[in-house]
Amino acid sequence: MTRREATIFVSLAGLPFIVPHVVEDFAGGIAERVGLATGAAAFLLGGYLALQVWGIVGVGQGRRVGWVITVLGERGLDRRGGRGPRAGGSRRGLPERRALRGVGARARPLAGDGRRAGLARVAPGARVVRPGADVVVVGGGPAGAMAAMTLAARGVSTLLLDKKRFPRDKPCGGGIRYGVLRRFPALADYLRTTVEIHEIRKVRMEGPSGASLLAESDEPFYLTLRRTEFDAALLARARAVGARVLEAVRVTDLLFSADGVAARAVDGRVFTARLVIGADGVNGVVARQAGLGGGFPVDALAIDTMEETELAELVPADPDTMYVAYGYKGYPGYGYVFPKRRHVDAGVGFLLSFFKERLDGPPYEHHARFLADARARGVVAGNSNPKNFKAYRLPLGGPLARTYADRVLVCGDAAGFVNGYTGEGIYHAMVTGQLAAETAADALARGRCGAAALASYEARWRREIGRELADSLRIQRRLFARPALVDTVIRAAAADRRLCRLLARVALGEEDLRRRKFELVVRFLLARFRRGPSAARRLVDSV
Ligand SMILES: Cc1cc2nc3c(=O)[nH]c(=O)nc-3n(C[C@H](O)[C@H](O)[C@H](O)COP(=O)(O)OP(=O)(O)OC[C@H]3O[C@@H](n4cnc5c(N)ncnc54)[C@H](O)[C@@H]3O)c2cc1C
């Protein structure tokens, strides 16, 4: 047999095994770019399989081929000037979104001749702040601080604006995956010395019917900390590296010109820049102003509560164990108790649509009920302190359909970068803040800040966290739709240590769900067959 014949033979023999992966992979590549119709995707898939048979393209390249074809298509359309942003629908793993307006459709042009960014007349009484900066970052949370820090470290003149004065609190459980220290090694020592960090090596999960699992690890799963300290430390670091920070500046809108963009504050000041990074959180204005969406719809939001109370008042039964009640009361959501060094942080979260339709009432009532239940179960002792209570929105519907526009990039909560079923968003805010800054710095160096020059931002974040976020949404939809499934998963994981470890690694973004799907299914089956074949069949249907 010749080498060529052998290649064809191997390709054909492998088809039954690879086809499901190819379909998933390839359709993902296409759908992520343009939300292509099934018929067109099938046509391209046929082409791909033909290439596969000829041994030209290796398994796993489908995604890249899909991207290349569609990116070329987009460029062509952009060049002809005939295309607005695509509607945010039908991308695999990401939620349907309303059709976007044209990029910049809501953005107002700078008055004047538009030749010099931000130097034109803008509005009666407006005070143009000169000189501006190459980049204005709106928002000084983890996303904005990381963006400003990265830009300043690359020598880009950077101005960060935040409506609050720091240290400021942000409603949050304050838990971050331990991997954050590996991902940002330059910050590890700094954070350990400036922020009180508590290491979590044990996580107890409980299902709605009381099924329970204790996951333990030598390496910490999570770090817990206070957001007042953590966010202030990151911002101080950005300042130390060279970013200018102005506090108590609330940005209300963006003003665009041919070669610049400016952020206008509520007091009328106008801050000029060549590029703006929106890191202004879940209620941010930058994405809206750039035409990247009209704000998160109700079905893409959760309402999460928290209170950070001193251990003297409210104390977890085990100060080293995180507690998560997944599918709490059979609702689409969770309750949590996170021990910190000198505090405990606890709360509940529900899909906002469910909360409005089925629960309603003051969020504190649901919060207090959860803590009363947790006390009855021996998870905490002591009392909830309503003075420390806050409720806030969390984007749980996946990233915006598009996260860049002319002269604008959005990151963190402002762009919806939150794990869909754990609710973890600090890590993703830091990662996307850094990636947005790197994209911005590269674009400035090339002197091109239009949407096409910033498109590589999406490729960067998709490469690093795209899979995790898409998978997290798939998991969220299944678990929130059938909370009883949580019990099934917990029981299976409790019976199989490797399965438990695998699920923990998926939740921490260290393992790719799709790559390990086969092993997961087999382990689930083995665990479930011990409990009866019909239960196993039900479970496999749902994986
Ligand atoms: C109750 C609750 C619990 C959570 N628990 C966890 C957890 O345990 N772990 C985890 O990883 N994630 C958790 N999250 C999510 C996490 O808090 C967010 O994902 C994270 O804070 C996102 O960071 P960010 O920098 O994008 O936005 P933010 O931290 O919200 O920062 C945005 C900043 O922008 C500023 N800003 C907003 N608008 C303007 C404006 N117009 N002009 C100027 N400045 C503006 C704000 O003042 C703020 O400082 C939780 C969220 C909630 C609501």
For this session: Report Y222's accessible area, 1.4 Å probe, all protein chains in place, as a number in Å² to the nearest 10.
Result: 40
Seminar exercise, completed: Summing +1 per Lys or Arg and -1 per Asp or Glu among the other residues with Cβ less than 9 Å from E196's Cβ gives +3
Seminar exercise, completed: When the charge dipole of region 275-357 is computed with +1 at the Cβ of Lys and Arg and -1 at the Cβ of Asp and Glu, the Cα pointing farthest to the positive end, of T321, N283, V348, is that of N283
Seminar exercise, completed: Per the rule of 0.36 nm per residue minus the C-alpha distance, extending R192 to R244 adds in nm 16.3 nm
Exercise. For D267 and E357 in the same chain, what is the full-extension length gain: residue separation times 0.36 nm, less their Cα-Cα distance, in nm?
Worked result: 28.6 nm
Seminar exercise, completed: Carbon and sulfur atoms account, in whole percent of the 1.4 Å probe accessible area of region 263-389, for 50
Exercise. Roughly how much of K202 is accessible, in Å² to the nearest 10, using a 1.4 Å probe?
Worked result: 50
Exercise. Any idea of the accessible area per residue across region 346-486, 1.4 Å probe, to the nearest Å²?
Worked result: 34
Seminar exercise, completed: A 1.4 Å probe over the protein heavy atoms gives region 441-535 a carbon and sulfur accessible-area percentage of 54
Exercise. Equivalent-ellipsoid semi-axes (√(5λ), Cα gyration tensor) for region 137-176, whole Å, largest first?
Worked result: 21, 13, 6
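The values are calculated or read from the model by the stated rules, or taken from the named source; none is laboratory data. None of these values were measured; they are calculated from a predicted model. Don't worry about glycine lacking a Cβ; one is built from the backbone with ideal geometry, like all the others, and counts go over all protein chains shown. Areas reflect the complete protein model, heavy atoms only, side chains present, ligands, DNA and RNA absent. Shrake-Rupley method; radii C 1.70, N 1.55, O 1.52, S 1.80 Å.
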